[in-house]
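This report concerns only the one structure given below.
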């Protein structure tokens, strides 16, 4: 085991969800509540990368806090009936990690219940800890608290963790905590995102097999 604990992001790292679920849900929300406003899939990826989903909603679409609450409820209803598919090879990475006595944790901007549902639906090993959007804002990515809590809970050091994520908030969290970060790029081929990740991440993997070979 190269790392005692693999910490996975969820959306577009473990499951293919932005293109199939989150983006269509967001555009459907715009159609209903902000008619005439549109967002391309590429724009959605880029804005979620930086500055992040909530700043995008506030700055690009002028959403009030009340409308953000409506958007959150709209999304929760949408994802109830839409289950994303895990990327081929991710399950094998997790199974090997667990089989060898390691930990698999999740730090995501999805909700705890949705994450566990997706893991079950895709026959993924049950995570040892999950920190999702249900956490208060000061305990969500990019705040370092989830990684610090994983280390506290399981008696780990910084060098025992590898954070695996496709977006900048995961990078920022890992950097704030001094944890190794693996940027992954199998969800899209958007040049500015890939360029940033290759330039700044401890490691960068374009395919699942590349990550599998690294953590072997």
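The values are calculated or read from the model by the stated rules, or taken from the named source; none is laboratory data. A quick note: this is a predicted structure, and the numbers were derived from the prediction, not measured. Counting neighbours? That spans all protein chains shown, and the Cβs are built from the backbone with ideal geometry, glycine included.
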> Filter segment 1-23 for residues that are assigned to a helix (DSSP H, G or I) and in contact (Cβ under 8 Å) with a residue 40 or more places away in the chain; which is nearest to residue 103 (Cα to Cα)?
Replying inline: 18
> Looking at segment 162-195, which of the residues that are over 16 Å from residue 142 (Cα atoms) and touching a helix residue (DSSP H, G or I) at 6+ places or on another chain (Cβ under 7 Å) is surrounded by the fewest Cβ atoms within 10 Å (Cβ to Cβ)?
Replying inline: 192
>> Tell me the residue from 176, 195 that is assigned by TED's automatic domain parsing to the domain that holds residue 105, part of a helix (DSSP H, G or I) and without any contact (Cβ under 8 Å) to a residue 12 or more places away in the chain, please.
In response: 195
>> Just to be sure before I move on: is residue 214 touching a residue at least 60 places away in the same chain (Cβ under 8 Å), assigned to a helix (DSSP H, G or I) and over 16 Å from residue 93 (Cβ atoms) in the structure I sent?
In response: no
